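The values are calculated or read from the model by the stated rules, or taken from the named source; none is laboratory data. Here the structure is a predicted model, which means the values were calculated and not measured. All Cβ positions, even for glycine, are placed from backbone atoms using ideal geometry, and neighbour counts span all protein chains on display.
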Amino acid sequence: MMLESIHLTKNYLNKKALDDVSLKLEEGQIYALLGPNGSGKTTWMKTAAGLTKPTSGEMLYNGSPVGIESRREIAYMSTEPYFFRWMTVEDVGEYFQDFFDDFSSDRYRELLAEMALTEDMKIRQLSSGMAAKLKIAATMARKASVFLLDEPLNGIDLIARDRIMEAVISSVEPNVTLVISSHLVEEIESFASKAVFLRNGHAVEVCDVEDLRVREGKSLAYKYREIME
């Protein structure tokens, strides 16, 4: 399994959201996709998920352009809420079951329990943190080969973050690729194996997090400040 962008460029009117981004993601790795707001993180993920077409360049999955076939193996969780307010948590599971052949209702219920959510809860009554947990549970209940989580910790309180991320990591098979975008660099450092730094639509650097600590004696947060300041 390989997800790769080759000279990927995406323009919105006069702004380049992505500018000649070439990245090759390996299977079995947990990637931290890092950069300030407007750096291109969400655009890269949406392109990888087949939801946005590049202006030029390519996004490939197993050597073929992403599209209908790759969507069956690439699970994307956006930052925006995408459940109808009239739904219950149980309805969300049924909704995902209808759309995705690889969705596991049993795993969904397990994750709900870990997130302290119950199926009778109504979407319109959920706090932002509870809604964020629900999105994670629904996405991670799929048996995908690639998971793309865009700012999954947004709205989740500090105490719950470690428990939520433990649930996410435990859902991932050894050969699965997990990509997590975040501005909470310290929170993501403990479990990321690779880091991709984006700035102004450019891929500035890709590094191995353990090598960064051992060889350079730097934390991921230190490296982030070094690159972005």
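With ILE164, ILE159 as the choices, which residue is surrounded by 15 or more Cβ atoms within 10 Å (Cβ to Cβ) and outside any loop (DSSP other than H, G, I, E, B)?
On the way: ILE159 fails: surrounded by 15 or more Cβ atoms within 10 Å (Cβ to Cβ).
The conditions single out ILE164.
Which residues, counting only those in segment 99-155, are part of a helix (DSSP H, G or I), in contact (Cβ under 8 Å) with a residue 60 or more places away in the chain and among the β-branched types (Val, Ile, Thr)?
THR139, the sole residue that qualifies.
Looking only at segment 81-125, which residues are within 22 Å of the chain's Cα centre (by Cα), of a type in the set (Phe, Trp, Tyr) and over 12 Å from LYS135 (Cα atoms)?
PHE84, TYR95, PHE99, PHE100, PHE103
Name the single residue, out of those in segment 187-207 being under 18 Å from the mean Cα position of the chain (by Cα) and charged (D, E, K, R), that is farthest from SER22 (Cα to Cα).
GLU187
Based on what the data block shows, is ILE123 touching a strand residue (DSSP E or B) at 6+ places or on another chain (Cβ under 9 Å), farther than 22 Å from GLU4 by Cα and surrounded by fewer than 21 Cβ atoms within 10 Å (Cβ to Cβ)? I'd like the intermediate steps shown before the answer.
Values: touching a strand residue (DSSP E or B) at 6+ places or on another chain (Cβ under 9 Å): yes; farther than 22 Å from GLU4 by Cα: yes; surrounded by fewer than 21 Cβ atoms within 10 Å (Cβ to Cβ): yes.
The answer is yes for ILE123.
Condition first: in contact with a helix residue (DSSP H, G or I) (Cβ under 7 Å, 6 or more places away or on another chain) and either at pLDDT 90 or above or buried (at least 20 other Cβ atoms within 10 Å of the Cβ) (or both). Now tell me which residues in segment 167-178 satisfy that.
Going residue by residue through segment 167-178, those that are in contact with a helix residue (DSSP H, G or I) (Cβ under 7 Å, 6 or more places away or on another chain) are 167-168, 171.
Within segment 167-178, VAL168, SER171 qualify.
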